[in-house]
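First up is the structure itself, then whatever we jot down about it.
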Amino acid sequence: MTNVFEACASPNDIATSIKTDGYAIIKDLLTPDLRSQLQSELAPFLGTSDTGHEDFMGHFTRRFGSLLAKCPMSQHLALQPLILQIVNDVLGPYCARFQLNYTGVMYIEPGEKTQVMHRDTSIYPIQNPAPPMILATMWAMTDFTIENGATRLVPGSHIWEDERHPTANDIVGAEMKAGSVLLYTGNIIHGAGANRANSTRGGLAIHYSLGWLRQEENQYLAMSLEEARE
């Protein structure tokens, strides 16, 4: 897997990788202690969340949103200084300010099938190629492997026209160790892999978008005014 960086890498180098290929991985940005605290906060919601009921969202994938209100430790990830520098470098030229767009978890359980390849920016009626509108982060709460459903990406597809479709040879698996984070632009073609392992693949997603776009998750309703003040 290329485009993999140490946590001490230059924000500019990481942002350049994202601008060029559409993605980057930063290793060991989430400490074991913080990951353990996050797991403890996530556990009650994972235990009661639905495992899905349709092909795109999955039939064996547990999801829930409003993460900043439900899981206070996730606020540290949303404000992680290195991440914010990279987001500003990638999205900053196209907006006066960027904003939180979506927060949630995707825990893929054994037996889940491969997700349909897609672009996150397809929620907006904008033709590709287009400037970056979303920068997504996927924090690895567990190891991401080909066997357990690591995110599948098509490097360079963030600058493809809509009519172009990937072949099997275009797709790479974003394998990474727990504590790493995958960053990718919302217009790169991607999708979760199939989980053929005996363990769950856990990921925590925090997406940022251009400030003039409507958010996928309404942050003004997702958390209370009192929580926002903190």
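The values are calculated or read from the model by the stated rules, or taken from the named source; none is laboratory data. Please read all numbers here as calculations on a predicted model, not as lab measurements. In this analysis, Cβ positions are derived from the backbone assuming ideal geometry, glycine residues included, and neighbour counts consider all displayed protein chains. To get the accessible areas, we keep the full protein, side chains included, count just its heavy atoms, and leave off ligands, DNA and RNA. Shrake-Rupley method; radii C 1.70, N 1.55, O 1.52, S 1.80 Å.
Laid out as a table, the results:
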read-out	value
Rg followed by Dmax, in Å, when region 76-146 is reduced to its Cα trace	14.8, 44
Of Glu163, Glu54, Glu147, the one that fluctuates the most in a GNM where the chain has Cα springs shorter than 10 Å	Glu163
Extension reserve of the Trp212-Ala7 stretch, reckoned as 0.36 nm per residue once the Cα distance is removed	70.8 nm
Mean separation of Cα contacts under 8 Å (6+ apart) over length of region 16-68, as relative contact order %	20 percent
Region 130-213: C-alpha gyration tensor shape, a/c 1.5 cut-off, then a/b vs b/c	oblate
Candidates Ala24, Ala197, Ala15, ranked by Gaussian network fluctuation over the chain, Cα under 10 Å, top entry	Ala197
Ranked packing of 178-186, 71-79, most packed first, by mean Cβ within 10 Å	178-186, 71-79
Largest-first principal axis extents of the Cα set of region 1-98 (Å)	40, 33, 33
The chain, helix-only ellipticity at 222 nm - DSSP H runs n ≥ 4, -39,500 (n - 2.57), divided by all residues, nearest 500	-6500 deg cm²/dmol
Contact order relative to length of the chain, as percent, for alpha carbon pairs under 8 angstrom and 6 or more apart	29 percent
Rg [Å, one decimal], Dmax [Å, integer] - region 51-187, C-alpha atoms	15.5, 44
Long-range HN-HN contacts of Phe64 with modeled amide H, under 5 Å	Val105
With every protein chain in place, the chain: carbon and sulfur % of accessible area (1.4 Å)	53 percent
Choice from Gln99, Gln115, Gln127 with maximal GNM fluctuation in the chain (Cα, 10 Å cutoff)	Gln127
Diffusion coefficient, µm² s⁻¹, Stokes-Einstein with Kirkwood Rh over alpha-carbon pairs of the chain at 10 °C and 1.306 mPa s	90 µm²/s
